[in-house]
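J.: One structure, as structure tokens, below. Some questions next.
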Amino acid sequence: MADGQQGPWTTAAPPAGYLPPPQRPLPQSAPFAVPPPRPVYREVHRVTALPVLAGLAGTTAWFVLFGALGGSLMSYAWWTIGAAASAWLVAVVLSLLGDRGVAVGIAVASGFGLSLAMVFVALRWIGTYDFPLW
């Protein structure tokens, strides 16, 4: 603080995605002080619709291919659980290192696909009183 700085933010660059507030002229006859406009922050890597739809489509195809391998409800459910686990791993990797939009599409589609398989398992379990995964 020896060089006349008032605080730690005087020399630091603004964060990524920061847009300065638009310059508005102050009214000529302001009876009281007008506060400055609030800063606007923008996401650096935005999530758009096209990557989300690509993730949804790819994961839907992934679940259809894995679901087709099952010959019974038990095998279908286990293949779906495996497909969901691998899809979630891919979504985590993509959210950290790749496109977050695709990761969102993968996560949504895999959650829906796993939920659908578990509904089938629950209906069989309710109807027969026998848990179909064991």
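J.: For segment 68-85, name all the residues that are touching a helix residue (DSSP H, G or I) at 6+ places or on another chain (Cβ under 8 Å) and among the hydroxyl-bearing types (Ser, Thr, Tyr).
T.: Answer for segment 68-85, where residues must be touching a helix residue (DSSP H, G or I) at 6+ places or on another chain (Cβ under 8 Å) and among the hydroxyl-bearing types (Ser, Thr, Tyr): Tyr76, Thr80.
J.: Across segment 70-93, which residue is farthest from Phe120 (Cα to Cα) among those that are polar (S, T, N, Q) and assigned to a helix (DSSP H, G or I)?
T.: Ser86
J.: Cβ-Cβ distance below 8 Å, separation of 6 or more or different chains: which pairs start in segment 119-132 with a residue that is closer than 16 Å to Ser75 by Cα and end on one that is among the basic types (Lys, Arg) and surrounded by 10 or more Cβ atoms within 10 Å (Cβ to Cβ)?
T.: Between residues of segment 119-132 that are closer than 16 Å to Ser75 by Cα and residues that are among the basic types (Lys, Arg) and surrounded by 10 or more Cβ atoms within 10 Å (Cβ to Cβ), the close pairs are Asp130/Arg124; Pro132/Arg124.
J.: Now, a different point. Would you check which residues across segment 73-104 are modelled with pLDDT of 95 or more and among the polar types (S, T, N, Q) and list them?
T.: Ser75, Thr80, Ser86
J.: List the residue pairs whose Cβ atoms are under 6 Å apart, where the first residue sits in segment 95-117 and is under 14 Å from Ile81 (Cα atoms), the second is of a type in the set (Asp, Glu), and the two are 6 or more positions apart or on different chains.
T.: none
J.: How many of the residues in segment 85-134 are surrounded by 16 or more Cβ atoms within 10 Å (Cβ to Cβ), more than 13 Å from Leu56 (Cα to Cα) and small (Gly, Ala, Ser)?
T.: Final tally of qualifying residues: 2.
J.: A follow-up question, please. Hey, among Gly113, Gly105, Gly127, which residue is in a helix (DSSP H, G or I), more than 30 Å from Ala16 (Cβ to Cβ) and within 25 Å of the chain's Cα centre (by Cα)?
T.: Gly113
The values are calculated or read from the model by the stated rules, or taken from the named source; none is laboratory data. As the structure is a prediction and not an experimental result, all values here were calculated from the model. FYI the Cβ positions are ideal-geometry reconstructions off the backbone, even for glycines, and counts take in every protein chain you see.
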